[in-house]
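Colleague: After the structure tokens below, expect a handful of questions from me.
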Amino acid sequence: MVRVKVCGVTSVAQAVACVEAGVDSVGVNLVESSPRRVDEATAAAIARAVGGRVLVVAVVAGRSVAEMRAVKDRTGVGCLQLHGDESADDVRALLPHAYKAVRIAGPADVAVAEAMPGEYVMVDAKVPMLFGGTGHTFDWTLVSGLAKRRKLVLAGGLRPDNVGLAVSIVDPWCVDVASGVERAPGDKDIALVREFVFAARH
């Protein structure tokens, strides 16, 4: 059964509600430029509150390997999602508790994703100057082959009304949603989260 990650969770109450709605992991965004950014204290509180039940993932970008390790230690999250311009060597240094998000616009980007080390890799829509959470989709058929070879996390413009189609085309290991279940950036609509979980799995 496909797993579901809700990214850009901004409070303990929201994280708990997402877990109760059936998600498998929640993401806390520590990227300075993100409208869903939280501070490390909030990320740590979320990790303490739900980390025993689901995987808590911290989204990071533009940091050194040492800084990323320190973030994981300070917050107590289970995993790091590298969403900037990190290299394969950066990812390798943080394994097994990290994976790379690669923005996809064509076959060359899929090759970059394929070359990333580790068991897991995320694919997201490529939007100039933005790291993710854009609400944009991409051509899912580009990554259906990659999903057969890797534990693929599919992101990019997923919503309750299109995630079923995305799963049928790609058969990913996990689907990741942020803007598709929100009233506003960082304000999750839990009814939409429940709809998304149901649509992804049915």
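The values are calculated or read from the model by the stated rules, or taken from the named source; none is laboratory data. Just so we're clear, the structure is a prediction, and the values are computed from it rather than from any experiment. Heads up, the Cβs are rebuilt from the backbone with ideal geometry, glycines too, and the neighbour counts pull from every protein chain shown.
Colleague: Identify the single condition in (1) part of a loop (DSSP other than H, G, I, E, B); (2) more than 27 Å from residue 111 (Cα to Cα); (3) of a type outside the set (A, V, I, L, M, F, W, C); (4) touching an Asp or Glu at 6+ places or on another chain (Cβ under 9 Å) that residue 74 does not satisfy, given that it satisfies every other one.
Modeller: (1)
Colleague: Residue 63 passes all but one of (1) surrounded by fewer than 16 Cβ atoms within 10 Å (Cβ to Cβ); (2) assigned to a loop (DSSP other than H, G, I, E, B); (3) among the basic types (Lys, Arg); which number fails?
Modeller: Here residue 63 meets the rest and fails (1).
Colleague: Just give me the residues in the range 159-187 being in contact with a strand residue (DSSP E or B) (Cβ under 7 Å, 6 or more places away or on another chain), of a type outside the set (Val, Ile, Thr) and free of Cβ contacts under 8 Å to residues at least 40 places away in the same chain, in sequence order.
Modeller: Correct list: 166 only.
Colleague: Looking only at the range 151-169, count every residue that is closer than 30 Å to residue 96 by Cβ, outside any strand (DSSP E or B) and not polar (S, T, N, Q) and tell me the total.
Modeller: Result for the range 151-169: 8.
Residues are listed down the side, and each one gets a yes or a no for (1) among the polar types (S, T, N, Q); (2) surrounded by fewer than 16 Cβ atoms within 10 Å (Cβ to Cβ); (3) within 22 Å of residue 57 (Cα to Cα):
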residue: 107; (1), (2), (3): no, yes, no
residue: 147; (1), (2), (3): no, no, yes
residue: 151; (1), (2), (3): no, yes, yes
residue: 163; (1), (2), (3): no, no, yes
residue: 177; (1), (2), (3): no, no, yes
residue: 188; (1), (2), (3): no, no, yes
residue: 193; (1), (2), (3): no, no, yes
residue: 199; (1), (2), (3): no, no, no
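Colleague: I'm trying to understand the selection: among the residues of the range 170-190, which are assigned to a strand (DSSP E or B) and touching a Lys or Arg at 6+ places or on another chain (Cβ under 9 Å)?
Modeller: Matches in the range 170-190: 174, 175, 176, 177, 182.
Colleague: Moving on. Of the numbered conditions (1) touching a residue at least 24 places away in the same chain (Cβ under 8 Å); (2) in a helix (DSSP H, G or I), residue 89 satisfies every one except a single condition; which is it?
Modeller: Single failed check for residue 89: (1).
Colleague: Then there's this: Can you tell me which residue within the range 5-38, out of those that are more than 16 Å from residue 181 (Cα to Cα) and of a type in the set (D, E, K, R), is modelled with the highest pLDDT?
Modeller: Among those residues, the one meeting the criterion is 37.
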